[in-house]
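Taking it in order: structure first as structure tokens, then the write-up.
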Amino acid sequence: MKPYATRIVSASRRRAQSGVVLIIMLIVLVAMTLAALSLVRSTDTTNVIAGNMSFQQAAVHSGDTGIELAATWLKNNAAGASLDYDDPTNGYVAGGLGVAPNLAANPPQSWDSYWVNTLAARAVVAPQQDEAKNTVSYVIDRMCANAGPVTGGAACVSSPSVAVASGSEEEAGVKQLNSPSVVYYRITVRVDGPRNSVSYVQSVVAL
């Protein structure tokens, strides 16, 4: 009788051990499934972030288009008194030295808020989107406190003039320079791209 009883106990232990292994395998399977789902979500998030950064970078590069368009307009209107006065239809303000967001506000006003609420009304939009599907807009501000002729109290920020008599030295001797003072113009470009990406680019040109 004893050997038979011993075999029954051994079989019962084997059945109990088989049940524990099944439970452990189910737990491991659930853990692996959750880990796989987490990995998939992490990969998707990484791809979205990388895509957004790519669109943002493309928008920054597209800002050069707005700068070139604005610089071309300035060059074409440099003769005469065209740049002495505002031309909102072409995004131009002659007394634009104080054009900037309200940084004294709490919280300080952002460029995005300032553009939407103030600059968008006179912004010039490029005729068509570029190859990256970006829409380029720009405004031009003459770095003067007031509109009017530069020599008539406009109080402009300009480069220093260089007279022939002052000169400047070089290795081979002295090279005389004669450079008149030129006024600075600030070009602000906004680029709206895919996935609601928005970038701002500024450039200052002298004319």
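The values are calculated or read from the model by the stated rules, or taken from the named source; none is laboratory data. All figures in this text were calculated on a predicted structure; none of them were measured in a lab. Using ideal geometry, Cβ is built from the backbone for each residue, glycine included, and neighbour counts are taken over all protein chains shown.
When region 69-105 is filtered for residues that are closer than 21 Å to A155 by Cβ and among the hydroxyl-bearing types (S, T, Y), the ones remaining, listed by number, are S82, Y85, Y92.
Taking region 184-207, which residues are outside any strand (DSSP E or B) and over 13 Å from S158 (Cβ atoms)?
Across region 184-207, the qualifying residues are G193, P194, R195, N196, S197.
Candidates are the residues of region 180-196 that are farther than 23 Å from A126 by Cβ and among the aliphatic types (A, V, I, L, M); the one that is surrounded by the fewest Cβ atoms within 10 Å (Cβ to Cβ) is V182.
Can you name the residue in region 156-167 that is among the aliphatic types (A, V, I, L, M) and surrounded by fewer than 13 Cβ atoms within 10 Å (Cβ to Cβ) and is also modelled with the lowest pLDDT among such residues?
A165
Is there a residue being of a type in the set (V, I, T) and surrounded by fewer than 16 Cβ atoms within 10 Å (Cβ to Cβ) anywhere in region 96-112? Within region 96-112, not a single residue is of a type in the set (V, I, T) and surrounded by fewer than 16 Cβ atoms within 10 Å (Cβ to Cβ).
Scoring D44 on the criteria (1) closer than 26 Å to S197 by Cα; (2) loosely packed, with under 14 Cβ neighbours inside 10 Å; (3) at pLDDT 85 or above leaves a single failure, condition (3). Among all residues of region 133-147, there is at least one that is over 23 Å from H61 (Cβ atoms), touching a residue at least 60 places away in the same chain (Cβ under 8 Å) and outside any strand (DSSP E or B).
May I ask you to verify whether S203 is touching a Lys or Arg at 6+ places or on another chain (Cβ under 9 Å), polar (S, T, N, Q) and either modelled with pLDDT of 80 or more or surrounded by fewer than 17 Cβ atoms within 10 Å (Cβ to Cβ) (or both)? Spell out how you get there, then give the answer.
On the way: touching a Lys or Arg at 6+ places or on another chain (Cβ under 9 Å): yes; polar (S, T, N, Q): yes; either modelled with pLDDT of 80 or more or surrounded by fewer than 17 Cβ atoms within 10 Å (Cβ to Cβ) (or both): yes.
Taking the combined requirement at face value, the residue satisfies it.
In region 113-132, the residue that is surrounded by the fewest Cβ atoms within 10 Å (Cβ to Cβ) out of those that are under 19 Å from the mean Cα position of the chain (by Cα) and part of a loop (DSSP other than H, G, I, E, B) is E131. The set of residues from region 133-155 being modelled with pLDDT of 90 or more, closer than 15 Å to D86 by Cβ, crowded, with 16+ Cβ neighbours inside 10 Å and small (G, A, S) comprises A147, G148.
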